[in-house]
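See below for the structure under consideration.
The values are calculated or read from the model by the stated rules, or taken from the named source; none is laboratory data. Keep in mind the model is a prediction, meaning the values are calculated, not measured. In this analysis, Cβ positions are derived from the backbone assuming ideal geometry, glycine residues included, and neighbour counts consider all displayed protein chains. Ligands, DNA and RNA are stripped out before the accessible areas are found, and what is left, the full protein with its side chains, is counted by its heavy atoms. Shrake-Rupley method; radii C 1.70, N 1.55, O 1.52, S 1.80 Å.
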Amino acid sequence: MVSLSSDAHVRLRHAVDGDRENRARACFAGLSVLLGFVSLLSLTTGASGISLADVARTWASGESLDTVTRTVLLDIRLPRLAMGILVGAALAVSGAVMQGLFRNPLADPGLVGVSAGAGLGATAAIVLGGLLPLAFRDFVGTYMVPLASFIGGWAATMLLYVVSTRGGRTSVGVMLLAGIALAALSGALTGIFVYIADDAQLRDIQFWGLGSLAGATWFKLSIAAPLILLALSAAPFLARALNALTLGEATAAHLGIEVQRMKSIAILTVAAAVGASVAVSGGIGFIGIVVPHLLRLAVGPDHRFLLPNAALLGAALLICADMIARIVIAPAELPIGIVTATIGGPFFLWILLRNRSLLDM
Amino acid sequence: MFSAENIVVRLDRRDILRGVDMQAQAGHVTAIVGHNGSGKTTLLRALTQDIGYSGRVLLDGRDVTEMKGWELASRRAVLPQASRVAFPFTVLEVVRLGLLTGAAGADDSLPSKALARVGLAGFEGRFYQELSGGEQQRVQLARVLCQVWEPVTGGAPRWLLLDEPVSSLDIGHQLQVMEIATAHARAGGGVIAVMHDLNLTAMFADHVVLLADGRCIASGPPSLVFTDETLSTAYGCSLRVNTTPGDRATFLLPHTAHRVA
Ligand SMILES: Nc1ncnc2c1ncn2[C@@H]1O[C@H](COP(=O)(O)OP(=O)(O)O)[C@@H](O)[C@H]1O
Ligand SMILES: [Mg+2]
């Protein structure tokens, strides 16, 4: 009886033929609308009380916006929104790519040490930055921390790749475990820097470590956007290969996929997306694991549909989290990482409980 | 023709294959048999470029190491001994992966046709992970069939390389799968299958490669390879081969075997 009814349930859910393409397209359309909606909402949310209706009315009546409104909209909220969209999309897509690469729904750039490496770079820059010659400090300026975090993330990925690749083949198991070790090591080194940091540096580290979109400027955006856009546009070309890889590396090769080359591209894609994101917005966790998981439930694991949908949902979710961060203790702001962790942590536990068998590997 | 010349494979400082030669003709079902650990899977993995080896593997006279991945994929499909699928794909989505290399103009109905061929019509919407082991094995076979659906394209045979394709199947489906393999060969394609069951091998194989301890100790049609002496040496126990009275088909009963101390 029980097995019969669950059988019928499965058939109903998939309109008998097991083809989820149409559902994925519908989901893409729905998420596009959602992203547009939360973007507008985000532009009209904030301490200065400017509403979109006001702006629209001003424009409609042919007047130009007053300077304050202009500045708030164009130089504060718009870059912040653009940054949220880019970073959210980058985190979700790189999570999905990493999970496809590792054939494990728990794999995530946060988990394999990429974010931790980036964090170490940033902390080192904050603490050691004061020791640098003044001339050099002036030269690198405010971009020292982002730069260091990008380098840290990239170095972590490369190290991970070298450790877990032998004779041109990457072992997924070794890579996962090495990632955990790398994250622990980065954490320990970061701890040392925290220990020797002074009070002002500590506040910097803490705020940066929890992640925030607050510092978004057009200039920061211009540093991060090319890398993120490059990574996002590489991702669709990985989709078919990632699908084949779910059957294992050998079978993917039998299906005609150039497995080693594809893995190198996937790793570079993830490093670029995560490195650039962490550099401009700090350690924002859980987007990379929550978004792909939800979408696999909704539209299935086919990466041709998973990746574009993940970009949209990741962006929408991060913008929502940013709004919450701005509203909860207004006029002050919560670090956005606190919001994503508060929502994402329990969700992650739920995934773990549902997938307990995966951990018995 | 799929052929291997003097294949040597070393893993963990042990010689797993010690100079194996084999040839498989298109139009024939070629079976690789031998005791557990004799190197059957390793030989197949050398043929499919999964592991490093010394020696040469030739497909229609061309060294396979000089062929591109997509080119090989259009010429041969591989069924592994066991397959895990990492994410919750439906049966249809798994079978469709066989069309990945896009043999031009592959039509959308092929996955359903392939599923019907392996006796799984109507399974398209089921989740792969929720199927029994035997059903999963047949879904993978359907995927493999999709990849080389036409046994011959552009005058060249296409190959099915199967590692123990019937080991987890009931007797009805064992016959069904062996008939699919035979039909592929009769239509001009090639089949190389690692086989566990000597009776099914005797029934369906045109050519047998018998391995023992990493060497090929006999090859030829089953009626010549399956002799008391050869099989007894290969499997390390005393075996008696029989033939049916009418059509002289070879068969083997475990009842007549004795373990040698
Ligand atoms: N990756 C490996 N490393 C070391 N030894 C291996 C490996 N794979 C297989 N072997 C050994 O090679 C021998 C042949 O294995 P295999 O070809 O799988 O045998 P079978 O004929 O049963 O398919 C076995 O003794 C096995 O233990
Ligand atoms: Mg085997």
#### Entry: Matching residues in the range B:140-160 - criterion: being assigned to a helix (DSSP H, G or I) and away from chain A (no Cβ under 11 Å)
B:Leu141, B:Ala142, B:Leu145
### Task
Give me the pairs, please: first residue somewhere in the range A:277-299 and more than 26 Å from A:Val145 (Cα to Cα), second residue anywhere and surrounded by 24 or more Cβ atoms within 10 Å (Cβ to Cβ) and at pLDDT below 85, beta-carbon distance under 9 Å, and either six or more positions apart or on two chains.
A:Pro292/A:Asp108
### Residue pairs meeting the criteria (Cβ under 6 Å; at least 6 apart or on separate chains; first touching a residue at least 60 places away in the same chain (Cβ under 8 Å) and more than 9 Å from ligand 1 (Cβ to nearest atom), in the range B:7-32; second open to solvent by 10 Å² or more (accessible area, probe 1.4 Å) and β-branched (Val, Ile, Thr))
B:Gly19/B:Val8; B:Val29/B:Thr182
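Name the residues in the range B:179-191 that are touching a residue at least 40 places away in the same chain (Cβ under 8 Å) and either within 16 Å of ligand 1 (Cβ to nearest atom) or open to solvent by less than 60 Å² (accessible area, probe 1.4 Å) (or both), would you? Full working, then the answer.
First, the residues of the range B:179-191 that are touching a residue at least 40 places away in the same chain (Cβ under 8 Å): B:180-182, B:185-186, B:188-191.
Across the range B:179-191, the qualifying residues are B:Ile180, B:Ala181, B:Thr182, B:Ala185, B:Gly188, B:Gly189, B:Gly190, B:Val191.
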### Task
Specify the residue that is nearest to the other protein chains (Cβ to nearest Cβ); the eligible residues are those in the range B:45-66 that are surrounded by 13 or more Cβ atoms within 10 Å (Cβ to Cβ) and without any contact (Cβ under 8 Å) to a residue 40 or more places away in the chain.
B:Asp50
### Message
The conditions are (1) under 21 Å from the mean Cα position of the chain (by Cα); (2) within 16 Å of ligand 2 (Cβ to nearest atom), and B:Leu11 fails exactly one of them. Which is it?
### Response
(1)
### Query
Quick check: is even one residue across the range B:83-94 at the interface with another protein chain (Cβ under 9 Å from one of its Cβ atoms), within 18 Å of B:Ala193 (Cβ to Cβ), assigned to a strand (DSSP E or B) and of a type in the set (Gly, Ala, Ser)?
no
### Yes/no for A:Gly288 being small (Gly, Ala, Ser) and away from chain B (no Cβ under 12 Å)
yes
### Task
Would you mention how many residues in the range B:59-82 are within 16 Å of ligand 1 (Cβ to nearest atom) and either outside any loop (DSSP other than H, G, I, E, B) or among the charged types (D, E, K, R) (or both)?
2
### Message
Show me the helices (runs of 4 or more DSSP H) entirely contained within the range B:169-234 in which 1 or more residues are under 19 Å from B:Ala142 (Cβ atoms).
### Response
B:171-186
### Task
Can you give me the ranges of the helices (runs of 4 or more DSSP H) entirely in the range A:13-110 with at least 1 residues that are exposed (fewer than 13 other Cβ atoms within 10 Å of the Cβ) and within 14 Å of chain B (Cβ to nearest Cβ)?
A:21-43
### Query
From B:Val33, B:Val78, B:Val91, which residue is within 16 Å of ligand 2 (Cβ to nearest atom), within 24 Å of A:Ala239 (Cβ to Cβ) and surrounded by 16 or more Cβ atoms within 10 Å (Cβ to Cβ)?
B:Val78
### Only listed residue being of a type outside the set (Gly, Ala, Ser) and within 16 Å of ligand 1 (Cβ to nearest atom), chosen from B:Val225, B:Val194
B:Val194
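Among the residues of the range B:116-130 satisfying the criterion of being of a type in the set (A, V, I, L, M) and open to solvent by 40 Å² or more (accessible area, probe 1.4 Å), which is nearest to the other protein chains (Cβ to nearest Cβ)?
It comes out as B:Ala121.
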